[in-house]
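All of the numbers you see were taken from the coordinates with simple rules; none came from a lab. Predicted model only: the values in this text are computed from it and were never measured. Cβ atoms come from the backbone with ideal geometry, glycine included; neighbour counts cover every protein chain shown.
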Amino acid sequence: MNSLVKISFRFMKVTLCFVLAYVLCFVICTIIYIFIKSTFAASQNISIDLFWTGLGIVQSTVFIAAYGWYIGKPLIYMIKWIGNISTGEFQAPLSELELPERKKNRENSYKLPYQLYKELFEQMNILSAQLRRNEEERVEIEKRKQQWVAGVSHDLKTPLTYIEGYAAMLTAQEYDWSDEERRGFSICISEKVTEMKQLIQDLNASMQFKENPLPIQLKEEDIIEFLRNAVIDIANHPSAEQYEFSFTSMEAACIMLFDSKLLGRALQNFLINAIIHNPPGTHISMAVNKANDKLHIFIEDDGIGIIPNEFMQASHSKGHGIPIAKSFIEAHNGTLHILPGSKTGTRLEISLPLNI
């Protein structure tokens with residue numbers, strides 16, 4: 001049966017009950033009046049017409065007030081509920097509407113007089129729940145977007161430092177660079193400018209995402225060669241001049257699906273942070289092996305070391321991109337663990353499934 005028909009039927013039933021109650025009350029009062037009039041002579045001066053007029057006025061006033069309360073109280077409550085929704089308060093105080101659990105049944109779960117608009121309250125409750133979920137999703141999406149923007153902003157600093165370093169080397173008067181060296185510096189600067197353009201495109205694209213703010217484009221590539229080049233790229237960073245890097249792999253090659261941009265940004269963050277957090281002379285290594293249908297990547301340094309929880313907290317608050325880089329790993333269905341190094345320093349353990 002249609003909800004509107006149910007409410008109309010219930011409304012007519014309530015109205016009929018009030019009318020019957022009105023008539024019954026009028027009849028009972030008339031019988032009592034007749035009984036009193038025939039029993040007590042003091043009532044002889046009150047005519048039946050006057051009694052009926054007074055009774056009708058009083059009874060009509062009482063019943064109209066009671067009927068108005070019964071019909072209007074749920075509507076007033078609903079207006080307040082809609083007002084709360086308009087201010088962002090989506091939770092309705094259902095305890096005021098619903099019966100105790102022991103009194104609930106299939107046909108009746110609301111108190112009087114709210115039962116009259118049962119279907120309306122059920123739909124309002126569904127609407128409130130949906131709006132509450134939408135608001136929670138909006139807040140979560142906004143939070144992810146802010147993290148994404150923070151990550152991209154931090155990542156822009158890395159190519160900028162390259163450009164700054166190479167520009168400083170080109171303009172240094174104490175060095176007389178050959179044309180080949182100048183051409184090499186210019187190529188590196190051009191590559192970093194291209195990388196910055198791609199990061200800005202990622203930033204623009206991220207503003208359009210709703211449910212999954214991480215753009216992941218999987219391609220089959222040799223991840224061993226990719227990881228080796230990532231270490232070489234960071235080792236050539238001007239700020240890494242006084243740091244030692246090494247790369248070892250138990251596999252000569254490994255073809256798998258991954259997003260080279262996201263994974264490259266994650267590795268870049270990890271390696272750059274190893275430089276930032278440690279003094280010159282620190283050795284930074286990357287080791288790779290396969291086991292249990294997963295590729296395991298270990299990045300370790302022998303620097304000053306840091307407690308993992310503090311490392312995550314510090315990186316998040318200072319914008320070093322570790323939480324964002326972790327989300328890039330998780331976008332590949334991978335995991336990241338930050339642990340103390342085998343002797344000193346910090347050890348990062350990354351696991352990626354060979355088949356995503």
For this session: Quick one: which residues, 5 or more positions from F245 or on another chain, have an amide H under 5 Å from its amide H? H modelled 1.01 Å from N in the peptide plane, none for Pro or chain starts.
Result: I284
Problem set entry | Around I299: net Lys/Arg minus Asp/Glu count, Cβ-Cβ under 10 Å | -2
Problem set entry | Rg(Cα)/(2.2 N^0.38 Å) for segment 48-91, N = residue count | 1.97
Exercise. Working out 0.36 nm times the residue gap between I57 and F298, then minus their Cα-Cα distance, what length gain in nm do you get to one decimal?
Worked result: 77.7 nm
Seminar exercise, completed: Beyond 27 Å (Cα-Cα) in this structure, taken from K157/K294; K145/K294; K197/K326; K6/K80, we find K157/K294; K145/K294
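Kindly rank 4-16, 238-250 from highest to lowest mean number of other beta carbons found within 10 Å of each residue.
The most tightly packed comes first, giving 238-250, 4-16.
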For this session: Please work out the Cα center distance from segment 223-290 to segment 125-195, rounded to the nearest Å.
Result: 18
